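Q: Questions regarding the structure given below will be posed in turn.
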Amino acid sequence: MPVNSELVGREFPPTAPYLVGREKVREFARAVFADAPQHTDEIAARAAGFADVVAPPTFAMVIQDHTLQQLLAEPDSGIVLARTIHAEQRFTYSRPIVAGDALSAQLKVTGIRMMAGNALITSDAEITDAEGAHVVTATSVLLVGSDPEGEAE
């Protein structure tokens, strides 16, 4: 089954709130070699004007992943995980993510482009805080490869 072009415009329900933990931020910062002190030291973060440690910019992927799982679970999507790679990622921030934030995300598929039998699926995850204020938009492009043997999945 090819990727379903009717996914364009589809919106998914908001995810359950994700409570950003201080240790999760520290672990993520270490994993991505973000060594600025505001990512691991709450005193340094407060001195910089933040309520707690600040997540590195790519931490938004942790929250966005919950929305991408919704997309991948759609039975009519035509997306075959074994032929899918994460091809591109962008973030547009209104403010940084800090420990203590409770963040929810809502995914919308914004485009599908076919290229040599492969599908490029673009989606935006709008990530908001507990008050509903925008924090970051995480834009992903998934590349779904064509079935090399032309068989239905």
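Q: Pick out, from the stretch 57-129, the strands (runs of 3 or more DSSP E) lying fully within it that include 1 or more residues that are over 19 Å from residue 5 (Cα atoms), of a type in the set (Lys, Arg) and within 13 Å of the chain's Cα centre (by Cα). Spell out the reasoning first.
A: On the way: elements: 84-93, 102-115, 118-128.
Ranges flagged: 84-93.
Q: I'd like to verify a number: residues in the stretch 42-71 that are surrounded by 14 or more Cβ atoms within 10 Å (Cβ to Cβ) and either touching an Asp or Glu at 6+ places or on another chain (Cβ under 7 Å) or not small (Gly, Ala, Ser) (or both), how many? Steps first, please.
A: Here is the first cut: in the stretch 42-71, the residues surrounded by 14 or more Cβ atoms within 10 Å (Cβ to Cβ) are 42, 44-45, 50, 52-68, 70-71.
Those left that are additionally either touching an Asp or Glu at 6+ places or on another chain (Cβ under 7 Å) or not small (Gly, Ala, Ser) (or both): 42, 45, 50, 52-54, 56-59, 61-68, 70-71.
Here the count works out to 20.
Q: Could you check the stretch 63-108 and list, in sequence order, the residues that are of a type in the set (Asp, Glu) and without any contact (Cβ under 8 Å) to a residue 40 or more places away in the chain?
A: Initially, the stretch 63-108 is screened for residues of a type in the set (Asp, Glu), giving 65, 74, 76, 88, 101.
Matches in the stretch 63-108: 65 only.
Q: What pairs come up if the first residue lies in the stretch 1-20 and is within 30 Å of residue 98 (Cα to Cα), the second is part of a loop (DSSP other than H, G, I, E, B) and modelled with pLDDT of 95 or more, and their beta carbons are under 8 Å apart, counting only those six or more places apart or on different chains?
A: 17/130; 19/100; 19/101; 20/55; 20/97; 20/99; 20/100; 20/101
Q: Identify, from the list 94, 123, the residue that is small (Gly, Ala, Ser) and crowded, with 16+ Cβ neighbours inside 10 Å.
A: Numbers: 94 fails: crowded, with 16+ Cβ neighbours inside 10 Å.
Of 94, 123, the one residue that is small (Gly, Ala, Ser) and crowded, with 16+ Cβ neighbours inside 10 Å is 123.
Q: Determine whether the stretch 63-76 contains at least one residue that is over 30 Å from residue 117 (Cα atoms) and polar (S, T, N, Q). Steps first, answer last, please.
A: First, pick out the residues of the stretch 63-76 that are over 30 Å from residue 117 (Cα atoms): 63.
Next, from what is left, pick out any that are polar (S, T, N, Q): none.
No, there is no match, as no residue in the stretch 63-76 is over 30 Å from residue 117 (Cα atoms) and polar (S, T, N, Q).
Q: If you check 51, 36, 16, which single one turns out to be over 22 Å from residue 134 (Cβ atoms) and among the aliphatic types (A, V, I, L, M)?
A: Values: 51 fails: over 22 Å from residue 134 (Cβ atoms); 16 fails: over 22 Å from residue 134 (Cβ atoms).
Going through 51, 36, 16 in turn, the sole match is 36.
Q: Residue 131 is checked against (1) free of Cβ contacts under 8 Å to residues at least 60 places away in the same chain; (2) closer than 20 Å to residue 10 by Cβ and fails just one. What number does that condition carry?
A: Of (1) free of Cβ contacts under 8 Å to residues at least 60 places away in the same chain; (2) closer than 20 Å to residue 10 by Cβ, only one is false for residue 131: (2).
Q: Looking at the stretch 4-23, is at least one residue assigned to a strand (DSSP E or B) and either acidic (Asp, Glu) or surrounded by fewer than 16 Cβ atoms within 10 Å (Cβ to Cβ) (or both)?
A: The initial filter retains those residues of the stretch 4-23 that are assigned to a strand (DSSP E or B), namely 11, 18-19.
This time we only want the ones that are either acidic (Asp, Glu) or surrounded by fewer than 16 Cβ atoms within 10 Å (Cβ to Cβ) (or both), so: 11, 19.
Yes.
Q: I want to confirm something. Restricting to the stretch 1-28 and keeping residues that are among the hydrophobic types (A, V, I, L, M, F, W, C) and over 21 Å from residue 105 (Cα atoms), which single residue is modelled with the highest pLDDT?
A: Just the residues of the stretch 1-28 that are among the hydrophobic types (A, V, I, L, M, F, W, C), to begin with: 1, 3, 7-8, 12, 16, 19-20, 25, 28.
Subsequent filtering for residues that are over 21 Å from residue 105 (Cα atoms) retains 1, 3.
On the way: 1: 71, 3: 91.
Across the stretch 1-28, the extreme among qualifying residues is 3.
Q: Is it fair to say residue 147 is farther than 19 Å from residue 22 by Cα, open to solvent by less than 60 Å² (accessible area, probe 1.4 Å), among the acidic types (Asp, Glu) and outside any strand (DSSP E or B)? Spell out how you get there, then give the answer.
A: Working: farther than 19 Å from residue 22 by Cα: yes; open to solvent by less than 60 Å² (accessible area, probe 1.4 Å): yes; among the acidic types (Asp, Glu): yes; outside any strand (DSSP E or B): yes.
So residue 147 fits the description; yes.
The values are calculated or read from the model by the stated rules, or taken from the named source; none is laboratory data. Since we're looking at a predicted model, the values are computed, not measured. Cβ coordinates were reconstructed from backbone atoms using ideal geometry, including for glycine residues, and neighbour counts include every protein chain displayed. The protein model used for the area step is the full one, side chains on, heavy atoms only, and it has no ligands, DNA or RNA in it. Shrake-Rupley method; radii C 1.70, N 1.55, O 1.52, S 1.80 Å.
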